[in-house]
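Before any comments, here is the structure.
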Amino acid sequence: MDQIFTPKTAASHRREARLAKGYSLEDLAVATGLTVAEIAAAEKPGAQVPDNHLARIDHALA
């Protein structure tokens with residue numbers, strides 16, 4: 001049986017990093033000063049997310 005390869009997006013990597021740290025959306029929102037909706041948007045493939053939001057998320061997950 002052939003496997004379908006789906007490339008990972010930056011958004012999916014962000015979600016995986018959050019989960020690996022054991023953070024809920026709410027936890028990461030508190031850590032970054034962003035809203036839960038802004039965090040969720042950053043984890044949605046194809047969403048337009050401001051660079052400063054991505055920097056705050058990446059810093060909190062580093």
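Taken together, the values in this text are just the output of simple stated rules run on the coordinates, not laboratory data. None of the values given here were measured: they were computed from a predicted structure. Neighbour counts are summed over all protein chains in view; Cβ atoms, including those assigned to glycine, are modelled from backbone coordinates with ideal geometry.
Points to keep in mind about this one:
- Taking the criterion of being surrounded by fewer than 10 Cβ atoms within 10 Å (Cβ to Cβ) and not in a helix (DSSP H, G or I), the residues of the range 9-59 that qualify are 22, 46, 48.
- Qualifying residue in the range 20-35 (condition: in contact with a helix residue (DSSP H, G or I) (Cβ under 8 Å, 6 or more places away or on another chain) and of a type in the set (Val, Ile, Thr)): yes
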